[in-house]
Each structure stands twice: as C-alpha cells, then as structure tokens.
Amino acid sequence: MSNNRLIAAAWAGMMILIGGALLASAEPKGAATQPAERKFTPVLDIEGLMEGQEIVFATLRDLIKDKKWDDARHLAGVLSELGNVNIHHGTEADYIKHAENMSKASANLAKALRKREEPEARKAYSEVNAACQACHDQYKDH
Ligand code: HEC
C-alpha cells in the first residue's frame, strides 16, 4: 500500500467512527433517561375523595340539565380520572374492579356527551350512578 492509500484508508476509517458517534448521539437514550417509576401516593383518604366525587357527580347532573355539553364532557373526564385514582385505594380485587367500572362508565358518559343529546346523556349518567352504587353495596357500611 502506498502512503497515499494508507492516509486515505485512515481517513475513511475516522469518518466511519465519527459518523457512528454522531448517529449514536442522535438516538433516543431510551430507558436511561425515562423518569424513575413513581409510586402513587393519594392526597385524600377514601372519605375525602368521595365527598369531592359527590360534588363532581351532582354538578354533572346540573350541567347535563342545562345542556352545557362541553363543560359536562370535561367534568365526566375528571370523574373518570377520579375513578382511576380510587383504584389506588383498593386492596381487594373486587374494590379495584368496581373503581375501574366507575371510571369506564364515566368515560362512556364523556363520549355520550359529544352527541349533545339529553336522553343518551341521562342514560350514560345513570350507568355511572349504578357503578357508584355497586361499590357502595359491597364496601360502604352506611
Ligand atoms: C370502588 C368503590 C367505590 C366507588 C366506585 C364509589 N364509591 Fe363512594 N364510597 C366508597 C366507600 C368505601 C365509602 C365509605 C368511605 C368512608 O366513609 O370511609 C364511600 C362513601 C361515599 C360517600 C359518603 C362520604 C362520607 O362523607 O362518608 C359519598 C357521598 C360517595 N361515596 C359518593 C360516591 C359517588 C358519587 C360515586 C360515583 C361517582 C362513588 N361514591 C363511587 C367506595 C366507592
């Protein structure tokens, strides 16, 4: 190999190395940069959560009555999220299932509210109520 060829080969090798380093730095870092898994710590006890949930639920009824469809839909989403939070209060599989059902029923209500039709909204609302009751029948002693 002549000197010129050696230099060319070394040059090409360096370019490959630099290219590789650039590619590697452009790749997402993946798991290493993800925030650490955080443990969920509720702010409220069940009673506190329920008292707030009751206000959300009653306000939803009024919003549906007043045909404030967008506000009702957003609040139904919040109620669904509260059901999601309630899951973390559960230790028994049944409790968790009831909380999931209430969350799903509220998400269905939010979906129904997009149609802006009172009969359908009322029906979906009463299904949320049934999901609240199902858990209370099993877990609320008054
Ligand atoms: C997964 C179970 C579960 C679901 C679903 C649930 N609740 Fe409850 N709720 C409870 C339990 C348990 C209590 C008793 C809490 C206590 O007094 O310590 C309770 C109590 C309550 C109370 C009485 C709070 C107080 O001051 O003692 C209200 C009001 C209430 N729930 C409203 C609702 C509404 C409205 C829904 C549905 C949108 C709902 N709950 C869904 C478990 C549930």
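Structural remarks
- Cα-based reach from Lys140 at 16 Å (exclusive), listing aspartates and glutamates while leaving out same-chain residues under 8 positions away: Asp45, Glu47, Glu51, Glu54, Glu92, Asp94
- What the Cβ-Cβ distance of Arg38 and Asp94 gives, at R0 = 30 Å and to the nearest 0.05, is a FRET efficiency of 0.70.
- Ignoring lysines fewer than eight residues from Lys115 along the same chain, the ones with Cα atoms less than 21 angstrom from its Cα are Lys65, Lys67, Lys68, Lys104, Lys123.
- Two-site FRET efficiency, Thr59 against Asp141, from Cβ-Cβ distance with R₀ of 35 Å, rounded to 0.05: 0.85
- The slack between Glu81 and Asp45, meaning 0.36 nm per residue of separation minus the straight C-alpha distance, is 11.4 nm.
- Where Rh is the Kirkwood radius over Cα pairs, Rg/Rh for the range 46-139: 0.97
- Trypsin sites (Lys or Arg not before Pro) within the range 85-142: DSSP coil, no more than 13 neighbouring Cβ in 10 Å: Arg114, Lys115, Arg116, Lys140
All of the numbers you see were taken from the coordinates with simple rules; none came from a lab. Keep in mind that what you see is a predicted model, and the values were worked out from it rather than measured. Cβ sites come from the backbone with ideal geometry, for glycine too, and all protein chains shown count toward neighbours.
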